[in-house]
1. If you average the sequence gap of Cα pairs under 8 Å that are 6 or more apart and divide by the length of segment 111-156, what percent do you get for the contact order?
2. Hey, quick one: spin label on K159, modelled 7 Å out along Cα-Cβ, who in segment 260-281 has an amide N within reach, i.e. under 18 Å?
3. Would you please classify the overall shape of segment 95-142 from the alpha carbon gyration tensor, given that a ≥ b ≥ c denote the square roots of the eigenvalues, rounded means a/c under 1.5, and beyond that prolate means a/b larger than b/c while oblate covers the rest?
4. Order of T232, T75 from fewest to most other C-beta atoms within 10 Å?
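Please treat every number below as a calculation from the coordinates, not as lab data. Given the structure is predicted, the values throughout are model-derived calculations rather than measurements. Neighbour counts are summed over all protein chains in view; Cβ atoms, including those assigned to glycine, are modelled from backbone coordinates with ideal geometry.
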Amino acid sequence: MAEDNSSNDHNKRGRDSPVNSFLSTMTFASNSSGTRGGCDCDECYGAMGYTPQSIIDAIRRHKRQRHESGPIKRTQLRELVAREGQLSVWKFTMPVDAAPLIEYGASHRLVWIRYLPKSSALKTIGKGIVGSQDEERGRKELKSWKEGDVYLVPSNGGKAVAWIHGRPNTTTNNTKDEESKTSDNEATEDQTQNDDNTNSGSGHAIVYICKIPKDCLGNNNTTKQEDNEGNTMPWDEIVRTTCRSELQAMENGNHAEEANGMAYKKLPQESSRLLIDSLSKL
């Protein structure tokens, strides 16, 4: 008997529809896997257990209304770069003012800002439903976050975490409006083009994020990034030891900062160099 593909075609159209594509920007509210949604970010499954279905439904309705009543904004792109056991490295491509990919802070994070246009800034999400007026007004610019820096963002216990690539707050409103229109009109532009724009001062921000589950640090107290013979360790060991070392420094009150409830710490130059060298080879 010939296979009936009509049902499969219908399901595929549903998955690829603009609404589902737009909803997927909030990872735990996507329709990709079951009633409560699914995601490849490693953390949503645990966080969903604490998120009431009514809240997930409200977020879906809110995002659907925004999609139907306004222009479609392009979204950030997340790609898995490497994985070793529970450790993982992700590459985020962030167009200007793109809708953020919402994850959960169940894991510690090492955030490497690989490329950030000179006229841009990274911001944290505000409080409330992401995309709402209150949340967007509450976004805070991370003025100290610059290209080439690496930051430790410790686990926040599973609360939402995300970053936005935008213009500095000193930009005039007229300039913001024009840039927002341009961003919306270019919503279909290839989000990976930024690798060719790293010398132009424009394009998408590129951020690498290492995710280190809290139970993955182990009991080893070493913070060395090289072995006894001076050889560089594998990338996963460098990530683990760097995270362990910077957490210890943060607990000792060493240069810890905070923005919108997100704690973070800039890594010293030597630790950043070894980590960046390791990630660049992946």
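1. Value for segment 111-156: 48 percent.
2. Under cut-off, by backbone N: 260-265.
3. Details: a/c = 2.06, a/b = 1.15, b/c = 1.79.
The shape class here is oblate.
4. Working: T232 14, T75 20.
Lowest count first: T232, T75.
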